[in-house]
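Shown next, in structure tokens, is the structure this report addresses.
Every number in this text was worked out from the coordinates using simple rules, so none of it is lab data. This structure is a prediction, so every number in the text was calculated from the model and none was measured. Cβ sites come from the backbone with ideal geometry, for glycine too, and all protein chains shown count toward neighbours.
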Amino acid sequence: MPAFPHRLVRLSLLLVTSASMLACGSLDSVSSRAVSVVTPYKMDIVQGNFVSAEQLAAVKPGMSRMQVRDVLGTPLLASIFHAERWDYVFTFRRQGVPPQARQVTVYFKGDALERVEADSMPTEAEFVASLDSGRKTGKVPVLEMAPDTMSQRPALPKPAETKPLPPLPASYPPLEPALR
């Protein structure tokens, strides 16, 4: 085989390989632009203990630890190294919105509440409104029966008379067999 056609084949293979590599590079840049436009779905992440302004207003100095726990819930952080302090931390992350972080720190002296340090807390209604992700929901149906529909409905059967239960036994058999 003469040298000229052999070189021509090699040169054409080199050009095809170079062109395909260039095409891959431009395809890669197009795909990266497409990925920047189309973002994957990311879930809303709610972590910690949400403490509302109403709950915070209900906590007063002098309350016991149990009373504070009843109002605010179990603290997220209760350290044995800081036994006189409870921390309630709350974070809320949503795609496209800067993350929200709020903290309430409760200090005790013995068993009594001494003071509370807290960020500004939203009311429960404000917090629920912030959870709305902007999705449009359909019209909420009315959940009550119209008077004319009520008259058309068949009457409910009367409940059957129930007999009183027999009295409980005075003693129960032993749970374990007697020793022999």
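Partner aspartates and glutamates whose Cα lies under 16 Å from the Cα of K158, excluding those fewer than 8 positions away in the same chain, are not found.
The fraction of all Cα pairs in the stretch 45-131 landing in successive 5 Å bins from 0 to the largest distance is 3, 14, 25, 25, 15, 9, 6, 2, 0, given as whole percents. In this simple spin-label model, placing a label point 7 Å from the Cα along the Cα-to-Cβ direction at both S171 and R115 gives a separation of 6.4 nm.
Sparsely packed loop sites in the stretch 98-180 (the GluC sites (Glu not before Pro) outside DSSP H, G, I, E and B with at most 12 other Cβ atoms within 10 Å) comprise E144, E161. Of T149, L72, V9, which is farthest on the positive side of the dipole of the chain, counting Cα position, with +1 on Lys and Arg Cβ, -1 on Asp and Glu Cβ, and the Cα centre as origin? Looking along the dipole axis, the top candidate is V9.
Length available on full extension from A129 to M66: 0.36 nm per residue minus the Cα-Cα distance, which gives 19.6 nm. Working from label points 7 Å from Cα in the Cα-to-Cβ sense, the T17 to Q47 distance is 5.0 nm. Of the residues V142, V46, V38, the one that moves most in a GNM of the chain with alpha-carbon contacts below 10 Å is V142.
Computed over neighbours whose Cβ is under 14 Å from that of I45, the net charge equals +2, Lys and Arg +1, Asp and Glu -1.
The radius of gyration of the Cα set in the chain, together with its Dmax, comes out at 35.5, 116 angstrom. Within the chain, the longest segment free of exposed loop sites, counting chymotrypsin sites (Phe, Trp or Tyr not before Pro) that fall outside DSSP classes H, G, I, E and B and have at most 15 other Cβ atoms within 10 Å, spans 82-180. Taking a sphere under 13 Å around the Cβ of P122 and counting the other residues whose Cβ falls inside, with K and R at +1 and D and E at -1, yields a net charge of -3.
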